[in-house]
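To start, the structure under review is shown below, and the notes come after it.
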Amino acid sequence: DLNELLMMYIIQPADKKEQYFANMIDKAENRYFPVFDKVLKDHGKDFLVGNQLSRADVQLLEIILMIEEWKPNVLAKFPLLQSFKARISNIPTIKKFLQPGSQRKPRTTEEDVAKAMKIFR
């Protein structure tokens, strides 16, 4: 749900972006991140599920990185998520993938947004 909320931000009309952004950040900080933080605390392991890296860990890292592009201090109130991000980001293959110049994801351009809007609307 949070991933979809983030992805929809870029296609919001200019007059609604500011309100959408505020709502998106509010939900991340007050609804979603507290739940992920609780899961890590209750589970007592380094990962969200079981005791090894899973897709859930990679997906959460990607969501954190996406939100930090818009609000760098978004994890300020979540020390468990901060350490989770650092731990997962330092797994050698993930660390290499996150290096500048990698193919993590290209910047979305206005042309990309217009093309997507034409296709999906």
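The values are calculated or read from the model by the stated rules, or taken from the named source; none is laboratory data. The structure presented is a predicted model; accordingly, all values stated were derived computationally and were not measured. The area values use the complete protein model at the heavy-atom level, side chains included, leaving out ligands, DNA and RNA. Shrake-Rupley method; radii C 1.70, N 1.55, O 1.52, S 1.80 Å.
The portion of the accessible surface of the chain made up by carbon and sulfur, rounded to a whole percent, is 55 (1.4 Å probe; DNA, RNA and ligands excluded). Using only Cα atoms, tell me the angle between helix 14-27 and the longest principal axis of the chain; keep it within 0 to 90° and round to the nearest 10. Helix 14-27 and the main axis of the chain meet at about 10 degrees.
Which links in 77/118; 17/77; 85/118; 17/95; 71/95 stretch past 29 Å when you go from one Cα to the other? Going by Cα-Cα distance, 77/118; 85/118; 17/95 fall outside the 29 Å limit. Specify which labelled value, from [x] 16.3, 49; [y] 17.4, 59; [z] 15.7, 46, agrees with Rg and Dmax of the Cα atoms in Å derived from the coordinates of the model shown. Read-out taken from this structure: [z]. A 1.4 Å probe run over the protein chains yields, for the chain, 69 Å² of accessible area per residue, whole-number rounding.
Considering only 42, 26, 15, the mean-square fluctuation computed in a Gaussian network model of the chain, springs between alpha carbons under 10 angstrom, is largest for 15. In the context of the full protein assembly, residue 35 retains an accessible surface of approximately 80 Å², using a probe radius of 1.4 Å and ignoring ligands and nucleic acids.
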